[in-house]
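The values are calculated or read from the model by the stated rules, or taken from the named source; none is laboratory data. Everything quoted here is computed from the prediction, not taken from an experiment. In this analysis, Cβ positions are derived from the backbone assuming ideal geometry, glycine residues included, and neighbour counts consider all displayed protein chains. Surface areas here come from the heavy atoms of the whole protein model, side chains and all, with no ligands, DNA or RNA. Shrake-Rupley method; radii C 1.70, N 1.55, O 1.52, S 1.80 Å.
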Amino acid sequence: MKVSWAAAVLSAIAGIPLTHACAHDHAQRDFTPEELAELERKWGMEWSFTGISTFAHLPYTKCLTTPSTLFDIAILGAPFDTAVSYRPGARFGPRAIRAASARQTSFRGFNPRAGMNPYSNWATILDCGDIPITPVDNAVALQQMTAAFEELGNRPAVRADKVKIITLGGDHSLALPALRALRGIYGRPLRVLHFDAHLDTWHPEKYPSAWPSEQSHFTHGSMFWLAGSEGLISNSSSSPPSVHAGLRTRLSGDDWADHEDDTAQNWVRISADDIDDLGTRGVIKAINEAFGDSEDPVYLSVDIDVLDPAFAPGTGTPEPGGWTTRELIRILRGIDGLNLVGADVVEVAPAYQGAGEETALAGAQVVYEILTSMVKRGMGDLGRIREGEKVVEKDEL
Ligand SMILES: *[C@@H]1O[C@H](CO)[C@@H](O)[C@H](O)[C@H]1NC(C)=O
């Protein structure tokens, strides 16, 4: 027992036995289950605005340093923004999205658009904290992110077949290390569903410089070109395509070369303006038709700049003329049949958002919709898997 000098003096003066004078004793005695239950009853509840900020008040574990912690779905922060071409600040995206998710709780988490509560269903969902990524060496940053996605992505799941990671960006370049890890885990190229104002399939030479370097190829506008050239994405016209949705970027030069390059990399494009002619239903139909009924593993990448700057000004490369938050949510709900194996929500840069946190709120809502889709689809997957062994009612899962 450690006894403070003051306690020892007090004991000597007042003749109080040391064991009684020692404040540490309180912590050392055994508390009865009844006492603990009473404390929990009185103080266990959290308001949406109390507590340390994790995504949706989920339990927090720094999963990278605790390999014994298992989960089905992880929320993982990648606070990295030194591969951006315009406004920096997305390194604060994970914090902002977590803070903006405060009104999501398992208690009030039922998603009426989907008819289920992702937080109280079969899946163990954790906030795995952040990858500590260096802001001063992008080659090392790329290695760190790749290693972190491999480390967590290969961890055995609690109930699912494989774990899934939803990454909070961070700038969009993090999709390259995420796809590198997933390519290894699934043993085949992925297909990508990419919501963005921009193509992000730009050849690194579309950023010309008198000072070229290999390292400068890794940016938030070229990572899908890099991923295609590494064979991480289905990259030939004979394989099923990946899909961009919400495009409205200006293109390089005087012609359609950027689109031709993008087509050559096996991408299909849905523009922001298409929603005027097709409606959200038509956009959903176009996406689902591109993916067909396939069970192909799909990586879902949501750049928050797919939204109009009216709805999401807090981002690095804003482009006027985008979708509303409601339209994006509606479209995400319509594609919940896809076999999502990983996802990101990137480019939330809170320094440029309004006082009402609209951009981070949109990011947190997108994460909630993705979680809903993953858990909902998993109910079917688990049901099917279980039926093969013994019949288990879905509501027991
Ligand atoms: C497709 O990926 C392979 C690696 O699997 C690579 O060798 C090839 O160059 C890629 N093709 C394109 C057009 O990027």
Residue 371 fails exactly one of (1) in contact with a helix residue (DSSP H, G or I) (Cβ under 6 Å, 6 or more places away or on another chain); (2) open to solvent by 30 Å² or more (accessible area, probe 1.4 Å); (3) assigned to a helix (DSSP H, G or I), namely (2)
Criterion (within 30 Å of residue 336 (Cβ to Cβ), within 14 Å of the ligand (Cβ to nearest atom) and surrounded by fewer than 20 Cβ atoms within 10 Å (Cβ to Cβ)) met by exactly one of 239, 234: 239
Return the pair list, or none, for Cβ contacts closer than 6 Å from residues in region 118-138 that are β-branched (Val, Ile, Thr) to residues that are part of a strand (DSSP E or B), at least 6 apart or on different chains. 125/73; 131/78
When residues of region 252-283 are limited to those that are hydrophobic (A, V, I, L, M, F, W, C) and surrounded by fewer than 19 Cβ atoms within 10 Å (Cβ to Cβ), the one nearest to the ligand (Cβ to nearest atom): 264
Subset of region 160-175 that is in a helix (DSSP H, G or I) and more than 18 Å from residue 243 (Cβ to Cβ) - its residue that is farthest from the ligand (Cβ to nearest atom): 174
Could you check how many residues of region 207-231 are within 16 Å of the ligand (Cβ to nearest atom) and open to solvent by 30 Å² or more (accessible area, probe 1.4 Å)? 4
State whether one or more residues within region 173-185 are modelled with pLDDT of 95 or more and more than 20 Å from residue 228 (Cβ to Cβ). no
Result of the Cβ filter at 9 Å on region 34-48, keeping first residues that are within 28 Å of residue 103 (Cβ to Cβ) and modelled with pLDDT of 95 or more and partners that are of a type in the set (Phe, Trp, Tyr) and in a loop (DSSP other than H, G, I, E, B), at least 6 apart or interchain, is 39/31
Go through (1) surrounded by 12 or more Cβ atoms within 10 Å (Cβ to Cβ); (2) not in a loop (DSSP other than H, G, I, E, B) one by one and return the number of the condition residue 42 breaks. (1)
Using the structure shown, decide if residue 312 is open to solvent by less than 30 Å² (accessible area, probe 1.4 Å) and either in a loop (DSSP other than H, G, I, E, B) or within 16 Å of the ligand (Cβ to nearest atom) (or both). yes
Name the residue, out of 160, 148, 178, that is hydrophobic (A, V, I, L, M, F, W, C), touching a residue at least 60 places away in the same chain (Cβ under 8 Å) and open to solvent by 10 Å² or more (accessible area, probe 1.4 Å). 160
Meets criteria (open to solvent by less than 10 Å² (accessible area, probe 1.4 Å) and under 18 Å from residue 169 (Cβ atoms)) for residue 300: yes
Can you find even one residue in region 280-295 that is within 21 Å of the chain's Cα centre (by Cα) and outside any helix (DSSP H, G or I)? no
Inside region 186-236, can you point out the residues that are without any contact (Cβ under 8 Å) to a residue 12 or more places away in the chain and part of a loop (DSSP other than H, G, I, E, B)? 187, 208, 209, 210, 211, 212, 213, 214
Filter region 148-159 down to the residues that are more than 24 Å from residue 88 (Cβ to Cβ), in a helix (DSSP H, G or I) and out of contact with any Phe, Trp or Tyr (no Cβ under 9 Å at 6 or more places or on another chain) and list them by number. 150, 151, 153
Every residue in region 367-385 that is over 10 Å from residue 97 (Cα atoms) and under 18 Å from the mean Cα position of the chain (by Cα), please. 368, 369, 370, 371, 372, 373, 374, 375, 376, 377, 378
